[in-house]
1. Does the range 224-305 come out rounded, prolate or oblate by the C-alpha gyration tensor, with a ≥ b ≥ c the root eigenvalues, rounded set by a/c under 1.5 and, if not, prolate when a/b is larger than b/c and oblate if not?
2. For the range 246-336, run through the trypsin sites (Lys or Arg not before Pro) and keep only the ones in DSSP coil with at most 16 other Cβ atoms within 10 Å of their Cβ.
3. 7 Å from Cα along Cα→Cβ at both Lys315 and Arg55: what's the point-to-point distance in nm?
4. How far apart, in nm, are the 7 Å Cα→Cβ label points at Arg136 and Asp266?
5. Take each of the peptides 97-110, 72-85, average the number of other beta-carbon atoms within 10 Å over its residues, and list them starting from the highest.
6. Compute the separation of the alpha-carbon centres of the range 226-303 and the range 90-128 and state it in Å as a whole number.
7. Exceeding 19 Å between C-alpha atoms, which entries from my cross-link table qualify? They are Lys122/Lys155; Lys118/Lys155; Lys81/Lys155.
8. Quick one: dipole size for the range 226-275, taken about the Cα centre, charges +1 on Lys/Arg Cβ and -1 on Asp/Glu Cβ, in debye to the nearest 20.
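Laboratory data are not the source of any read-out in this text; all were calculated from the coordinates shown. These numbers were taken from a predicted model, which means no experiment stands behind them. A quick note on method: Cβ atoms are made from the backbone with ideal geometry, for glycine too, and the neighbour counts reach across all protein chains shown.
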Amino acid sequence: MTTALDQLNGHRTALRIERDLRRVIFAPPPRLTGSEWADRFRYFGEGSPEEGRFRMARTPYFREVLDACCDPAIEQVVIMKSARVGYTEGVVGNVVGFHMHQSPCAMMVMQPTVDDAKGWSKENLDPMLRATPVLRGKVTESGRRDAKNTMQFKKYPGGFLVVTGANAASGLRRRSIRTLLGDEVDGFALSAKGARAHEGDPWTLAVKRTENYWDRKLIAGSTPTDKGTSKIEALFNLSDQRYYFVPCPHCQYMQRLVWSNIRWEDRDPETVHYVCGVISKDGELLEGCGKTILEEHKPWMVARGEWQPQRPGRKTRGYHVWTAYSLLSSWSRMVE
């Protein structure tokens, strides 16, 4: 016979089950880092050299960089890089995709010119939006009759993305922006067309658009141009200056890859190799083992690398990476 106590316990059990179900169903999704999001959700679009799911393992040096770019506790990130390191897809594309899906906000991507902006939107952004399932449908296709979006403006639930050129002041003034990405800032003009004399250079003008947000994010990336006048170099010099250190496969000595340690024989790129260690101008081995490191060792080394700040304690995160680390290129191709 069912007693009143049994009924009460059964009622309590039902309430507990209901409460637990509500907690599961209505709980917000777990907060992911930028690299976790990229590995779990990101896909390459059509026209990309690679197809299918994006893998951070192809650019492991960008894992911490992407996490910093998507971390609300870090306000400014600077990336001084060379070509062929996977920056456009590995950082810019993933930051945009992460925010569209995980942290909707007002975003702006600045390219050197309006033509560059349109090219990036058409050739990189739109294919990513079509290929990545969690982003598909968030932005109405610009070619559709009912679309509210254009090549340079993308509205999505909870936010929007402006894609503009640094040479057009009008595109830098109109809206308040929380997340600002400057791509190839060394290619920015000294002054945007239509800018007033007191407004400063295009990057400064764009940064002013973020001042209304306490949690703003400023991301600047570029290949440096002339030493001493480079915008990205100046920004990097004010950062904590992080370099990527990788272990020697022979002695485990952690080191930065430098051009002077890349060697070859008889002008033959096929003989290229890397010499472990710190070597003086006189050729004296100061640190490391001095043994030969072959191209085949590079994936193992880069996968085990770590970022080390040279100016710890500074607020701005700064990252320096160049082609010698890239798994998308080779030392022999650099020598060629």
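1. Numbers: a/c = 1.84, a/b = 1.52, b/c = 1.21.
Verdict is prolate for the range 224-305.
2. Details: sites: Arg256, Arg263, Arg267, Lys281, Lys291, Arg304, Arg314, Lys315, Arg317, Arg333; in loops: Arg267, Lys281, Lys291, Arg304, Arg314, Lys315.
Loop-located and lightly packed - Arg267, Lys281, Lys291, Arg304, Arg314, Lys315.
3. In this crude spin-label approximation the distance works out to 4.0 nm.
4. Distance between the two pseudo-spin positions: 5.4 nm.
5. 97-110, 72-85
6. For the range 226-303 versus the range 90-128, the Cα centre distance is 32 Å.
7. Working: Lys122/Lys155 16 Å; Lys118/Lys155 16 Å; Lys81/Lys155 30 Å.
Over 19 Å apart, Cα to Cα: Lys81/Lys155.
8. Around 260 debye, computed over the range 226-275.
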